[in-house]
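Inspection log for the structure reproduced underneath, given as structure tokens.
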Amino acid sequence: MFKLDDDFLASVGLSGLPEDQKRPMLQHIYDTLELRVGMKLAEQMTDAQLDEFEGFIDRKDDAGALKWLETNFPHYKQVVADELEKLKNEIRASAEQLLSASMSGAPESNNSTPSAP
């Protein structure tokens, strides 16, 4: 579906990140995307659906959660694509600032992407 790697960082203007900051940045992007997609889908779920889906997450049953999403929310891939595009645009808009902070030795916690409003 999509790949978070050096090519992704280049596509959003972050190819200049120091090597030791690329993996943490990719992990942060993944975590942010996962949170946003989860929130977007949760808004559309009934309480019963949310409980059922959370059961898969609590059991760390990624395959079961994915199958459940495919069955109950067949449009989830579009939600992922939409949220990824929004996140990419936010990163592009702040890439220069992120690179500048990384070059000045700013702590990792300052190298975060903007949060959703």
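The values are calculated or read from the model by the stated rules, or taken from the named source; none is laboratory data. All values reported here derive from a predicted model rather than from experimental measurement. In this analysis, Cβ positions are derived from the backbone assuming ideal geometry, glycine residues included, and neighbour counts consider all displayed protein chains.
A few comments on the model shown:
- Candidate set: region 85-117, residues that are surrounded by 14 or more Cβ atoms within 10 Å (Cβ to Cβ) and of a type in the set (S, T, N, Q); chosen: the one modelled with the highest pLDDT: Ser94
- If you go through region 1-56 and keep only what is surrounded by 15 or more Cβ atoms within 10 Å (Cβ to Cβ) and among the aromatic types (Phe, Trp, Tyr), you end up with Phe8, Phe53, Phe56.
- Set side by side, the residues Ser11, Ser100, Ser104 differ, and just one is among the small types (Gly, Ala, Ser) and in contact (Cβ under 8 Å) with a residue 12 or more places away in the chain, which is Ser11.
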